[in-house]
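Undergrad: I have a structure I would like to understand better, so I am pasting it below and will then ask my questions one at a time.
Coordinate-derived values only; no laboratory data. This is a predicted model, so every value here is computed, not measured. All Cβ positions, glycine included, derive from the backbone under ideal geometry; neighbour counts span all protein chains shown.
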Amino acid sequence: MTMVSPNRLAIIGLLVAVCLVAHAQRDQVAIELVDAPFESLVAQVERQSAYRFYYDRAQTDGVIVNVPARRWAIDELLKAALSPHRLFYSIDVNKRIFITENYALINTLPSVSIRDTAALREPIPLPPVVGHQQDERAADISIQNRLFEIGSSGAAQSGTKTLSGYIRSTLTGAPVSLASVQVVGHSSAVQADQFGYYSITIPAERSVIRISSVGKKATQRQLLMHASGRLDIQLDDEVYALKEVIVSAEQGSQVRRTQLGVERLSIQTIKQVPVVFGEADVVRVVLTLPGVQTVGEAASGFNVRGGATDQNLVLFNDATVYNPAHFFGFFSAFNPDAISGVELYKGSVPPKFGGRLSSVLDVAAKTGNRNKVSGAGGIGPLTGRLSLDGPIGEKTSFFVAGRSTYSDWLLRLIPDEGYKNSGASFYDANVQLNHEFGDKDALYLTGYISNDRFAFDTTSRYGYENLNLNLKWKRIFSTEAYGMVTVGYDGYRFNVSENLNKVNGYRLDYAIGQTFVRADVNHRLGRRHNLTYGLQAIHYRLTPGNRIPVGERSLIDPAYLAAEQGVESALYVSDSYEVDDRLTLDLGLRYSMFNYLGPRRVDYYAPGLPKSENTIVDTREFGSGQFIKTYHAPEFRLSARYALSPNSSVKAGYNSLRQYIHMLSNTTAITPTDTWKLSDAHIKPQFGDQASLGYYQNFRSNTIETSVELYYKRMHDYLDYKSGAVLLMNERIETDVIDTEARAYGIEFLVKKLSGKLNGWASYTYSRVEQRTVGVNPGDMINRGAYYPSNFDKPHNLTMIGNYKFSHRYSFSLNLTYSTGRPITLPVAVYQYAGSERVYYSDRNQYRIPDFFRADASFNVEGNHKIKKLAHSSWTFGVYNVTGRRNPFSVYYVAEEGRINGYKLSIFGHQIPFVTYNFRF
Amino acid sequence: MVVLRQMISAILGVLILAGCKDPYEPVFESKDLEPILVVEGYIDVYGPSSTYTLAFASPLAAPEASASPPSVVNSPVVNAQLRIEAEDGTAYHSQSSSTPGKYTVSHPALAIDSRYRLRIEIGGETYLSEYVDVKVSPAIGEVGWEETDAGVSIYVSTADAERDSRYYRWEFEEAWRFTTPFVSILVYDFDGARIRTRSAAERIETCFMEDASTGIHLATSDGLSQDVVDRHPIHLIPRLSDRLGWRYSILVKQRTMTREAFVYWDLLKENSENLGNLFGPMPTEIRGNIAHVGDPLKPVVGMVEAVGVSRQRIYIDFLDVSWSLAARRALGANCSTREIPKPEIHDFMYYNRHYFLLHATDDVYFVATQGCMDCRLRGKLEAPSFWEER
């Protein structure tokens, strides 16, 4: 139950007092009570009058009442009896007395129409507006107790009814994405989509639904469902208050949701976590979740449950972002002001997603304010950002944001002549446009660009860019069904220029472009089935490498690798089937197909022999659009939940996935020049499956969530490379590829508290991932074909993210991370060779670097909280790596003047303080 | 093609700005203590002999290696038998050598259209290389040098009109003449406590020093429309080095390789010279073309190549180099003379054996420490046999 801060109570109390004068004076009762229980008061009043009490026994239990003997006006009696106990009362025209704790109910209706609109099949007449002074709190409490009749009683519909509508922010009118809607006292709960649209089955005619979302005040609606209908709901922004319980969308949802291994983070949560240079960073916070690893601090890319970095699908409002990093991984490519939250699917991946083996990171963009123009911005040591949003007319809203860097000064600090002429810069920009056509149709436009450039001296240049644009049309067919059609383009490209002014001066261009279309339908069938189905197709066009001479002296042969084309398509259907109140099944099937398309010349190799130029037996020419190779297979996405109690559940799931595009990389971390390659006649799609089991238990009315998840995962046909393979500009990559398979397993413990003065989460994960090479020459087999730990195999991982709010304005955040050191390959022997000492390496990944530990802290100061203030600002002061521990990123040996010396290289090896300034208006 | 190396070092530079580099001593597992055969050398198709060195690599974990920094790390393999075998069955055997671990196989100039392999027998165990093609290097186009801020950079340009070479590797041998800061014209004979003038044959201020390349210098013309390597830097003589004191000579030896050998050498170079790089490839052992007969997975280091080496020698005189780079005076920085009154000279010389006489005035003898005037401490008085003066 929501509680209201004391100063608000005073206003409400006043309102109550005023309205009580109107109709509570005439009735009197004769009564005397000495140390009597509250129930005696109730019994006496109800016997002597027509008043009837409504109260919660939990609140009145143990309340002892004393009133002197006399005839009491009912309101005076209640005031005298109850005020010592912080109990409040209100009386309505039907002589019902409501007893509540801490605040009084408002039992008459203030103006409702401006807050909620009930768009009904048969509109119900709104009660006359009562001439009260408007107060948001009072209005909100009132609306929570108002009964919304959906449909008319005359045309009552039998059976299950569905309620749907949009959830929006009261303040901005922007949709509240991913809000949770739950039927109180019942296990059904749904999550609104990214546009704030929800659809829920209401089991009983008389029901209460509860709506909550992070950063918003939870609210509820009383329903009388005559028929299916629509109800739009507005949520108030959470104004930070001391003793208030913040109810978040995350709360309780782990227990109720059917899927396993889903983590949800709101931008508010993300912004609390201290990160290096103070820039709120989606990817860095995702790294603190159980089951997510990285090879090192500055490495872009992350590993989910033993998956490789290219096995994560990073979506930004349905746009695939191929390189979600700036500045080689220092920053994530998402402007924190431009997103509303993220969801990470690491276990159960809904069948609407596909194409990557390990996870889906679904980043939801922020949408524009529908009520007024507002903005936000921030200034940090390396970046500045600004965003602006607002309405364009009544039906349209916009959101634009930009971010850029001024990090050149960092390079200038490097004590090396070479950096004097160097420069690094990046920017990203977002555009969101939403437009509604009537009640049923809406259009959403998402645009995103991120660009990075780096120049070293005057002779080398490097740049990369993500570009995404998509348009979504959403149509609500009925309260039971809605659908979306999305078309879009996702692009990623990079270029490198080197050795300008030399004979080998060149420029290399790489590009990937995909055009996609998808249609998704969400269909509720009765109260027990929720069907989602759809189809999607992606057309890929890759320019794997064009190398051209640059500079007058250059002798570089222009080289153009043949473009690659392919179509990945999929059909999916999924049923969320509520067998009974306890058991829910998610049965999903996705059928995916990949066609590798011409034009292209394809070499075929002698079967059974290692693929090399010498074993080519046939070469075939394929025409444009001709199918060179087709792969297709079903993917299963199954999960089941069994509720042990309202606060605990067990779940089990099985998932299989396929991946048709692969990142070519033979380095430990993601490298700026890593390229992507489609599956082709020789390179098979990657296949992976995972079985998982979980137990979920909530405590203290869902404010504390705990979970244990167990998983076992297999991955086949993912790529490793022969020693010395050159991956760029390689026309015959299949000759350098080694087939690899991997197995991963682990157990993840998570305790989460997302409300109260102290909030945060702690997790411990034990996980392993091992891989081995299969089906190549014994000589090319890594570690002779035995299983060996993958680069990101870090068995023990302990993370704690904590935030403590001292007051409305001051809060403190602390972030602790411990993990086992990652595996490395060490030199084991030295020998003299070619005039210098050389080293002989151990088996791959046989050793480990020292364990990793880091603590980060930050202190946030909010400006004052006057709601009408022109601009709100906040400061964040923090220190990254508070203990200054030198966590080795890598260990390496170098031949220095004829001697072999071992070194540990640590990045961010001492405390890094930062200050950022953020504002919104 | 070396993609992005500069860029990567730049990024690394940024990271190191905030990061640190500390010494590291790991603990090794016992299975990494097995000896590994290291085979070094090449089959010189021009004859008259080919030389191979066999050794076992020293485990890093060995107590002696960790106790003191390893300096001599190879333990020579003695009593091995080597045989160079041509495809037609012709074989040449190694002779026993006076230097442990060194084996010389005498043979006439070898036919370059045949293929050759190396067989090694050590105490009943046999190692055998693959048959390799002969790679004859084209003549070196130019060995040249240019001045940079850091010193004198030596470069190689080469070209193969046949476009058949593509993969190049260079080694070099340096020699230079240098002088000490001071010149001694007097000799103190302890035998009889006599002071006399140095004869021309006894002069010790001018010596020669020799050194050989220690790095792996590779280049490829892969991807170029012509088979050329243009001004590829192979060596940097730092400014003020005594190599630039008087006269310097460098002999560059060029050989060409198969792609397989190039990959081998490149990885070897990468593994020992370029690691610790954030974006560097993961270290992996690459197998050469030598395998143990019977246990093909047993590790062996070495790449057998049959090559015809081309050579070019250049000289650099200090007069050709800018004054700011040349080093003649720099060496005298820590040297000073002392004046010893003539009557005290015998006592002084007796108690200060590391001082040598320079010259004298009427009243005093000038003396200085040996290092300031005796070049034999660092070099040899005799000029190398090839040495040419200007």
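Undergrad: Within a 10 angstrom radius of the beta carbon, how do B:Tyr155, A:Tyr540 rank from fewest other beta carbons to most? Spell out each step's value before the answer.
TA: Details: B:Tyr155 17, A:Tyr540 23.
Ascending number of Cβ neighbours within 10 Å: B:Tyr155, A:Tyr540.
Undergrad: Where Lys and Arg each count +1 and Asp and Glu each count -1, what net charge lies around A:Leu710 among other residues with Cβ under 14 Å from its Cβ? Don't skip to the end; give the middle numbers.
TA: Values: positive: A:Arg305, A:Lys346, A:Lys651, A:Lys713, A:Arg768; negative: A:Glu709, A:Glu748.
For residues surrounding A:Leu710, the net value is +3.
Undergrad: Hey, what do the phi angles of the range B:234-241 turn into as Karplus ³J(HN,Hα) couplings, whole Hz, using 6.51/-1.76/1.60 and θ = phi - 60°, x for Gly and Pro?
TA: Ordered by residue, 3J(HN,Hα) equals 10, 7, 10, 8, x, 4, 6, 5 Hz.
Undergrad: Oh, and also: Of B:Leu357, B:Leu218, B:Leu54, which is the most mobile in a GNM of chain B whose springs link Cα atoms less than 10 angstrom apart?
TA: B:Leu357
Undergrad: Next question. Over the whole of A:394-405, what's the average partner chain Cβ count within 10 Å per residue? Rounded to a whole number, please.
TA: Numbers: counts 0, 0, 0, 0, 0, 0, 0, 0, 0, 0, 0, 0.
Average per residue, whole number: 0.
Undergrad: For A:Lys904, give me every one of the aspartates and glutamates with a C-alpha distance below 16 angstrom, ignoring sequence neighbours fewer than eight places off in its own chain.
TA: The qualifying aspartates and glutamates are A:Glu297, A:Asp851, A:Glu896, B:Asp22, B:Glu25, B:Glu273.
Undergrad: Oh, and also: Provide, as a two-decimal number, the C-alpha radius of gyration of the range A:308-357 over 2.2 N^0.38 Å, N being how many residues it has.
TA: Working: Rg = 11.8 Å, N = 50, 2.2 N^0.38 = 9.7 Å.
Ratio of Rg to 2.2 N^0.38 Å for the range A:308-357: 1.21.
Undergrad: Considering only B:Gly192, B:Gly245, B:Gly41, give the residue with the highest GNM mean-square fluctuation for chain B, with springs between Cα atoms whenever their separation is below 10 Å.
TA: Looking only at B:Gly192, B:Gly245, B:Gly41, the largest GNM fluctuation is found for B:Gly192.
Undergrad: So which lysines can B:Lys31 reach, going by Cα to Cα under 16 Å and dropping same-chain residues fewer than 8 places off?
TA: Here the lysines satisfying the reach criterion relative to B:Lys31 are B:Lys298.
Undergrad: Another question about this same structure. Extension gain A:Asp441-A:Ala537, at 0.36 nm per residue separation less the Cα-Cα distance, in nm? If you can, show how the numbers build up before the last one.
TA: Working: separation 96, 0.36 × 96 = 34.56 nm, distance 2.31 nm.
Full extension from A:Asp441 to A:Ala537 adds 32.3 nm.
Undergrad: Next question, about the same structure. So how strong a dipole does the protein assembly as shown carry about its Cα centre when Lys and Arg Cβ are +1 and Asp and Glu Cβ are -1, to the nearest 20 debye? Can you show the working numbers first?
TA: Details: 136 positive and 142 negative charges, 980 e Å.
For this selection, approximately 4700 debye.
Undergrad: Oh, and also: For B:Asp149 and A:Val579, what is the calculated FRET efficiency with R₀ set at 56 Å and r taken between the beta-carbons, to the nearest 0.05? Show your work: numbers first, answer last.
TA: On the way: r = 78 Å, r/R0 = 1.39.
Computed FRET efficiency for B:Asp149 and A:Val579: 0.10.
Undergrad: Let me ask another. Can you sort B:Leu244, A:Leu443 so the residue with the fewest Cβ neighbours within 10 Å comes first? Present the calculation step by step, with values, prior to reporting the outcome.
TA: Numbers: B:Leu244 26, A:Leu443 15.
Listing B:Leu244, A:Leu443 from fewest to most nearby Cβ atoms yields A:Leu443, B:Leu244.
Undergrad: Neighbour counts of other C-beta atoms within 10 Å: give me A:Thr405, B:Thr206 arranged from fewest to most.
TA: Listing A:Thr405, B:Thr206 from fewest to most nearby Cβ atoms yields B:Thr206, A:Thr405.
Undergrad: Shielding of A:844-850 by partners, i.e. mean partner chain Cβ atoms within 10 Å per residue?
TA: Counting Cβ atoms of other protein chains within 10 Å of each residue's Cβ and averaging gives 3.
Undergrad: Quick one: which residues, 5 or more positions from A:Gly355 or on another chain, have an amide H under 5 Å from its amide H? H modelled 1.01 Å from N in the peptide plane, none for Pro or chain starts.
TA: Close amide H contacts, sequence-distant or interchain: A:Arg658.
Undergrad: Next up: For chain B, what is the Kirkwood estimate of the hydrodynamic radius, computed as the reciprocal of the mean inverse distance between distinct Cα atoms, to one decimal in Å? Intermediate results must be reported in sequence, preceding the final value.
TA: Working: mean 1/r = 0.0400 Å⁻¹.
When all Cα pairs of chain B are included, the Kirkwood radius is 25.0 Å.
Undergrad: Which angle from 0 to 90°, rounded to the nearest 10, does the C-alpha axis of helix B:259-273 make with the longest principal axis of chain B?
TA: 50 degrees
Undergrad: Lys and Arg at +1, Asp and Glu at -1: add these up for the other residues within a Cβ distance under 11 Å of A:Leu664 and post the number. Can you show the working numbers first?
TA: Details: positive: A:Lys677; negative: A:Asp310, A:Asp674, A:Asp720, A:Asp736.
Residues close to A:Leu664 contribute a combined charge of -3.
Undergrad: A further question on this structure: What's the FRET efficiency of B:Arg194 with A:His872 using the Cβ-Cβ distance as r and R₀ = 60 Å, to the nearest 0.05?
TA: Values: r = 97 Å, r/R0 = 1.61.
Approximately 0.05, to the nearest 0.05.
Undergrad: To continue, here is another question. Return the inverse of the average 1/r over all pairs of distinct C-alpha atoms in the range A:512-610, which is the Kirkwood hydrodynamic radius, in Å to one decimal. Let's see the in-between values first.
TA: Values: mean 1/r = 0.0554 Å⁻¹.
For the range A:512-610, the Kirkwood estimate is 18.0 Å.
Undergrad: Taking only the alpha-carbon atoms of chain A, what semi-axes of the equivalent ellipsoid follow from 5 times the gyration tensor eigenvalues under a square root, in whole Å, largest first?
TA: Details: eigenvalues 651, 182, 138 Å².
Sorted largest first and rounded, they come to 57, 30, 26 Å.
Undergrad: Rounded, prolate or oblate: which fits the range A:327-463 when a ≥ b ≥ c are the square roots of the eigenvalues of the alpha-carbon gyration tensor, with rounded for a/c under 1.5 and prolate only if a/b beats b/c?
TA: Because a/c hits 1.5 or more and a/b fails to exceed b/c, the range A:327-463 counts as oblate.
Undergrad: Ignore the peptide's own chain and count Cβ atoms of other chains within 10 Å of each Cβ in A:903-914; give me the average, rounded. Provide the component values of the computation, followed by the final result.
TA: Details: counts 7, 8, 12, 7, 9, 5, 7, 3, 1, 1, 0, 0.
What the average comes to for A:903-914 is 5.
Undergrad: May I ask what percent, to the nearest 5, of DSSP beta bridges between residues of chain B are antiparallel? All intermediate terms of the calculation are to be shown ahead of the outcome.
TA: Numbers: 92 of 99 bridges.
Among the beta bridges of chain B, antiparallel pairing accounts for roughly 95 percent.
Undergrad: How much length is gained if the chain between A:Val485 and A:His529 is pulled fully straight, taking 0.36 nm per residue apart and subtracting their Cα-Cα distance, in nm to one decimal?
TA: Values: separation 44, 0.36 × 44 = 15.84 nm, distance 2.24 nm.
Length gained, A:Val485 through A:His529: 13.6 nm.
Undergrad: Moving to a separate point now. Chymotrypsin sites (Phe, Trp or Tyr not before Pro) within the range B:186-256: which are DSSP loop residues with at most 16 other Cβ atoms inside 10 Å? Walk me through the numbers on the way to the answer.
TA: Values: sites: B:Tyr188, B:Phe190, B:Phe208, B:Trp246, B:Tyr248; in loops: B:Phe190, B:Trp246.
Those that pass, being in a loop and sparsely packed, are B:Phe190.
Undergrad: Further question: In debye, nearest 20: dipole of the range A:598-718 around its Cα centre with unit charges on the Cβ of K, R (+) and D, E (-)?
TA: On the way: 14 positive and 11 negative charges, 63 e Å.
That gives the range A:598-718 a dipole magnitude of about 300 debye.
Undergrad: Counting C-alpha atoms alone, how compact is the range A:419-547: give Rg to one decimal and Dmax as a whole number, in angstrom.
TA: According to the Cα coordinates of the range A:419-547, Rg and Dmax are 21.8, 72 Å.
Undergrad: So what's the angle, to the nearest 10 degrees on a 0 to 90 scale, between helix B:5-18 and the longest Cα principal axis of chain B?
TA: Result, in degrees: 60.
Undergrad: Antiparallel as a % of all DSSP beta bridges within the protein assembly as shown, to the nearest 5?
TA: Numbers: 442 of 466 bridges.
Close to 95 percent.
Undergrad: Still on this structure, I have one more. Using only the alpha carbons of the range A:710-843, determine the length spanned along each of the three principal axes and report them from longest to shortest in whole angstroms.
TA: Result, largest extent first: 66, 39, 30 Å.
Undergrad: Residue farthest toward the positive end of the dipole of the range A:508-572, with Cβ of Lys/Arg at +1 and Asp/Glu at -1: which of A:Pro549, A:Val521, A:Ile538?
TA: Result: A:Val521, furthest along the dipole toward the positive end.
Undergrad: For A:Lys651, give me every one of the lysines with a C-alpha distance below 25 angstrom, ignoring sequence neighbours fewer than eight places off in its own chain.
TA: A:Lys346, A:Lys352, A:Lys713, A:Lys752, A:Lys753
Undergrad: Which of the listed residues, A:Phe792, B:Tyr188, A:Leu163, is farthest toward the dipole's positive end in the protein assembly as shown, when Lys, Arg count +1 and Asp, Glu count -1 at the beta-carbon?
TA: Final value for the positive-end residue is A:Leu163.
Undergrad: At 0.36 nm per residue, and after removing the present C-alpha to C-alpha distance, how many nm does the segment from A:Thr396 to A:Ile64 gain when stretched out fully?
TA: Values: separation 332, 0.36 × 332 = 119.52 nm, distance 5.72 nm.
The A:Thr396-A:Ile64 span can extend by a further 113.8 nm.
Undergrad: While we're looking at this one, here's another question. Could you give the alpha-carbon Rg of the range B:127-203 over 2.2 N^0.38 Å, rounded to two decimals?
TA: On the way: Rg = 24.9 Å, N = 77, 2.2 N^0.38 = 11.5 Å.
The reported ratio for this selection is 2.18.
Undergrad: Compare the peptides A:547-560, A:426-439 by average per-residue count of other Cβ atoms within 10 angstrom and give them in order, highest first.
TA: Numbers: A:547-560: 16.4, A:426-439: 18.3.
The packing order, highest mean first, is A:426-439, A:547-560.
Undergrad: Show me, for the range B:191-199, the HN-Hα J-couplings you get by feeding each phi into the Karplus relation (A = 6.51, B = -1.76, C = 1.60, θ = phi - 60°), rounded to Hz, glycine and proline as x.
TA: 5, x, 6, 10, 10, 9, 6, 5, 7
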